[in-house]
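The values are calculated or read from the model by the stated rules, or taken from the named source; none is laboratory data. What you see is a predicted model; the values in this text were computed from it and never measured. Here Cβ is always computed from backbone atoms with ideal geometry, including for glycine, and neighbour counts include all displayed protein chains. Areas reflect the complete protein model, heavy atoms only, side chains present, ligands, DNA and RNA absent. Shrake-Rupley method; radii C 1.70, N 1.55, O 1.52, S 1.80 Å.
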Amino acid sequence: MDSTATLPINGTNDHQAAIRPVALTERIKTIDIVRGVALLGILLMNIPFFGRAFQLESEPLLRPGSTDYSVFAVVTVLFEGKMRALFSMLFGAGILIFTSRKEETNLGSSADFLYRRLLWMVLFGVIHEYILMWVGDILFDYAICALFLFPFRKLTPRQLLLCSLICLSINMIKRERQQFDYRSKYEKYQQVMVLEKAHKKLTDEQKKDKETWGKIVKESKPDMKEVAEFNQKMRSGYGTVYKTLEPDNIRFHSTYLYLYLWDNLCMMFLGMALFKLGFFSNKLTTRTYWLTLLGGYGIGFPLSALGMFLMQQRLLDPVHYTQQWASPAIGYDLQRGLAGIGHASLLILIYRSGLVPWLMKALANVGQMAFSNYILQTICCTLFFNGYGLGYFGKLEYHQLYYVVAVVWVINLLFSAIWLQFYRFGPLEWGWRSLTYWQKQPIRK
């Protein structure tokens, strides 16, 4: 989240007139760099949903040894969940930056500005999901979750870490309950099979138990007929695409919001704690960043690989999977948080080394315009894949989707570099600021 600074107050100015956009010299460069990488990295996970049927989400795991499998493994172990975790952490840190600079002016509570900013973000999320057709929108979820963060802004780093651990624990319990439910359904199915072999008459509930497990086994493999029908709809006009995605859009803004609430809050609290410790603002020792890099990668990546292996087992052999001691969700939030911190540590170490200043500058540009670039990614991908654009939905192999990612990354990098030559911040950032303060903000340099 972007921040603001203040101008001197004269006798006629009110508190809103004292607000101006943050100067470029006041921005925290390392936060922009990490945010830029997180923004670009998120597309690695989003692209399969932009370009293929949702049923094919984990389909490459069914084809070990293929190019698709190799690409899926790399993306899953190194990046899946980690980029979103980083983005969530930085969002939490942004809450602190935004509110602290308001409160330093002694112009009243920062709550008015923050909640107005977040409520506008809720609206942007609805537009992004229902008008621009991206079911994986995070703006809506982030804004709803962030509404709860304001009372926690003055906690100590230790207290914020405790809040993060509480949210982590709640989410892990919720995930493991899903695994217990999965095993329970198989156990009920087994009991029904024993009764059938004994030629016992089944009750309606037992018949339902049998159907439930049969549905689980069937859905472990994609139904290619349904996939073909979905592809055809997504290659149609805007109206058909809207109707096709509407049920998923509603589910993402209801059921999925509930599922991801503790996930998002966990990482936002962690980001607030790390910011107060000086982690994201490049204030810690080089040794500390090396330790967080090694620890984050050393624990995060093995846990991520284990999760992918268990996910593959569930797809290949659902019955055998029920006998496994753990689920794909084991340590999911822990591993993505640790690996995300490892990624941030690596970026800060590279920035400190001064090895590739041009790359750091380019990534910082993307991070400074994260909102605009996030929406730009959606526009590029929906116009390329959906029927009201070029209509490539379902026509590319899994690994070929990442050629599209590379092109969109280039567009993000060039757009950011060129735009910031003339303007203070991105076009959507400017609109968001102006709406937040009910006052048109200066945009030209």
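Taking residue 441, is it surrounded by 19 or more Cβ atoms within 10 Å (Cβ to Cβ) and modelled with pLDDT under 95? Outline the logic, then answer.
Details: surrounded by 19 or more Cβ atoms within 10 Å (Cβ to Cβ): yes; modelled with pLDDT under 95: yes.
Taking the combined requirement at face value, the residue satisfies it.
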Pick from the range 176-196, criterion in contact with a helix residue (DSSP H, G or I) (Cβ under 8 Å, 6 or more places away or on another chain) and in contact (Cβ under 8 Å) with a residue 40 or more places away in the chain, ranking: most open to solvent (accessible area, probe 1.4 Å): 186
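Going by the conditions given, is residue 212 closer than 20 Å to residue 56 by Cα, free of Cβ contacts under 8 Å to residues at least 60 places away in the same chain and either open to solvent by less than 80 Å² (accessible area, probe 1.4 Å) or in contact with a helix residue (DSSP H, G or I) (Cβ under 9 Å, 6 or more places away or on another chain) (or both)? Before you say what the answer is, go through the steps one by one.
On the way: closer than 20 Å to residue 56 by Cα: no; free of Cβ contacts under 8 Å to residues at least 60 places away in the same chain: yes; either open to solvent by less than 80 Å² (accessible area, probe 1.4 Å) or in contact with a helix residue (DSSP H, G or I) (Cβ under 9 Å, 6 or more places away or on another chain) (or both): yes.
Here the answer is no, as residue 212 does not meet what is asked.
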Can you list residue pairs whose Cβ atoms sit under 7 Å apart, with the first residue in the range 136-153 being farther than 14 Å from residue 46 by Cβ and the second being in a helix (DSSP H, G or I) and of a type in the set (D, E, K, R)? Count only pairs 6 or more apart in sequence or on different chains. 140/129
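Among residues belonging to the range 197-209 that are of a type in the set (D, E, K, R) and either assigned to a helix (DSSP H, G or I) or open to solvent by less than 50 Å² (accessible area, probe 1.4 Å) (or both), point out the one that is nearest to residue 181 (Cα to Cα).
The residue in question is 209.
Could you list, in sequence order, all residues of the range 316-351 that are modelled with pLDDT under 90, part of a helix (DSSP H, G or I) and surrounded by 18 or more Cβ atoms within 10 Å (Cβ to Cβ)?
First, pick out the residues of the range 316-351 that are modelled with pLDDT under 90: 316-333.
Filter once more, keeping what is part of a helix (DSSP H, G or I): 316, 318-321, 332-333.
Across the range 316-351, the qualifying residues are 318, 321, 332, 333.
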For helices (runs of 4 or more DSSP H) lying entirely in the range 45-148, having 1 or more residues that are under 30 Å from residue 293 (Cα atoms) and at pLDDT below 95 picks out 82-103, 139-146
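For (1) over 30 Å from residue 275 (Cα atoms); (2) open to solvent by less than 50 Å² (accessible area, probe 1.4 Å), each residue gets a yes or a no:
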{"site": "353", "(1), (2)": "no, no"}
{"site": "356", "(1), (2)": "no, yes"}
{"site": "359", "(1), (2)": "no, no"}
{"site": "371", "(1), (2)": "no, yes"}
{"site": "374", "(1), (2)": "no, yes"}
{"site": "397", "(1), (2)": "yes, no"}
{"site": "400", "(1), (2)": "yes, no"}
{"site": "445", "(1), (2)": "no, no"}
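Here's the yes/no breakdown for (1) touching a Gly at 6+ places or on another chain (Cβ under 8 Å); (2) open to solvent by less than 40 Å² (accessible area, probe 1.4 Å):
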residue	(1), (2)
93	yes, yes
98	no, yes
101	no, no
110	no, yes
117	no, yes
138	yes, yes
147	no, no
150	no, yes
161	no, no
